[in-house]
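The values are calculated or read from the model by the stated rules, or taken from the named source; none is laboratory data. This structure is a prediction, so every number in the text was calculated from the model and none was measured. A quick note on method: Cβ atoms are made from the backbone with ideal geometry, for glycine too, and the neighbour counts reach across all protein chains shown. Heavy atoms of the whole protein, side chains included, go into the accessibility calculation; ligands, DNA and RNA do not. Shrake-Rupley method; radii C 1.70, N 1.55, O 1.52, S 1.80 Å.
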Amino acid sequence: MSRKYVIAGNWKMNKTSEEGAELAKDIVLAVGQQAEVEVVVCPPFTLLESVSKVLEGSNIKLGGQNMHPAVSGAYTGEISAEMLRNHFSSYVILGHSERRAYFDETDNFVNQKVKVALENQLRPILCVGETLEEREAEKTLDVVKTQLVDGLVGVSAEQTGSVVIAYEPVWAIGTGKVATPEEAQVVHAFIRQTLAELYDSAHADKIRILYGGSMKASNARELLAQEDIDGGLIGGAALESNSFIDLVKVAIDQD
Ligand code: 13P
């Protein structure tokens with residue numbers, strides 16, 4: 001089964017408009033015209049406009065880092081799916097562990113967002129992953145299964161064509177402690193098996209499952225070589241043009 005790799009940069013709360021435009025320019029120049037790997041950048045909301053202008057005419061896609069499920073209204077500080085679309089986003093990261101941990105986002109709330117994103121032609125990147133404590137208690141697969149199943153309630157088999165899953169073990173995020181390719185593959189295979197149970201294997205085989213957590217060019221080759229790893233959701237290594245471009249190139253070579 002050939003699935004096109006996705007390499008998505010999650011810039012988190014970093015960069016001014018000018019810095020973001022610079023970074024995006026470098027990425028466009030280096031890998032903006034190739035189509036073997038789907039490259040996505042997810043800047044903070046305040047940079048969507050400046051970055052979208054830089055991406056115009058390239059194959060690089062834009063994504064938000066979060067959104068609110070309501071159409072509009074009194075939700076101070078939030079932004080809607082329509083607003084993301086209005087700024088040329090085609091992806092949105094949902095249920096990131098930092099949103100779950102610092103902003104108490106529940107599986108149910110994440111699920112509402114996933115459904116609204118899909119209704120608005122945004123491709124959700126649904127994040128799942130266990131904490132160190134959960135891994136040590138051998139709860140990894142249970143935790144991931146709950147986040148996945150509850151996150152996809154009400155999503156039809158047809159809609160899964162637009163869904164991307166990101167497995168991000170919390171203990172590997174920003175710590176430099178990357179999961180071994182084997183450790184990651186076990187969970188990725190489990191995610192695909194769970195998707196096959198939820199839908200069927202034909203649909204599950206088409207869903208891209210990204211790895212996230214201290215991924216960089218130097219460890220990407222081995223991770224991407226795993227059967228069920230279809231790309232990466234990149235934090236730290238997405239903030240500097242060379243490290244991100246090198247990572248994209250690894251994915252292109254592996255293709
Ligand atoms: P790092 O690549 O910095 O570990 O972050 C991963 C991540 O959280 C991407 O969403």
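Taken together, the residues in the stretch 118-133 that are within 20 Å of residue 7 (Cβ to Cβ) and either without any contact (Cβ under 8 Å) to a residue 24 or more places away in the chain or not in a loop (DSSP other than H, G, I, E, B) (or both) amount to 6. For residue 142, state whether it is over 30 Å from residue 51 (Cα atoms), out of contact with any helix residue (DSSP H, G or I) (no Cβ under 6 Å at 6 or more places or on another chain), assigned to a helix (DSSP H, G or I) and acidic (Asp, Glu). Judged against the criteria, residue 142 is a match.
If you go through the stretch 195-210 one residue at a time, do you hit one that is over 19 Å from residue 145 (Cα atoms) and touching a residue at least 12 places away in the same chain (Cβ under 8 Å)? Within the stretch 195-210, not a single residue is over 19 Å from residue 145 (Cα atoms) and touching a residue at least 12 places away in the same chain (Cβ under 8 Å).
Determine whether residue 31 is aliphatic (A, V, I, L, M), under 23 Å from residue 160 (Cα atoms) and open to solvent by less than 10 Å² (accessible area, probe 1.4 Å). Spelling it out, it is not the case that residue 31 is aliphatic (A, V, I, L, M), under 23 Å from residue 160 (Cα atoms) and open to solvent by less than 10 Å² (accessible area, probe 1.4 Å). Does any residue of the stretch 8-16 turn out to be within 16 Å of the ligand (Cβ to nearest atom) and surrounded by fewer than 18 Cβ atoms within 10 Å (Cβ to Cβ)? Yes, the stretch 8-16 has at least one match.
One residue is enough: does the stretch 38-46 have a residue meeting the conditions part of a helix (DSSP H, G or I), open to solvent by 10 Å² or more (accessible area, probe 1.4 Å) and within 21 Å of residue 77 (Cα to Cα)? Taking every residue of the stretch 38-46 in turn, at least one turns out to be part of a helix (DSSP H, G or I), open to solvent by 10 Å² or more (accessible area, probe 1.4 Å) and within 21 Å of residue 77 (Cα to Cα). Scan the stretch 160-196 for residues that are within 16 Å of the ligand (Cβ to nearest atom), of a type in the set (Gly, Ala, Ser) and surrounded by fewer than 20 Cβ atoms within 10 Å (Cβ to Cβ) and the total you get is 2.
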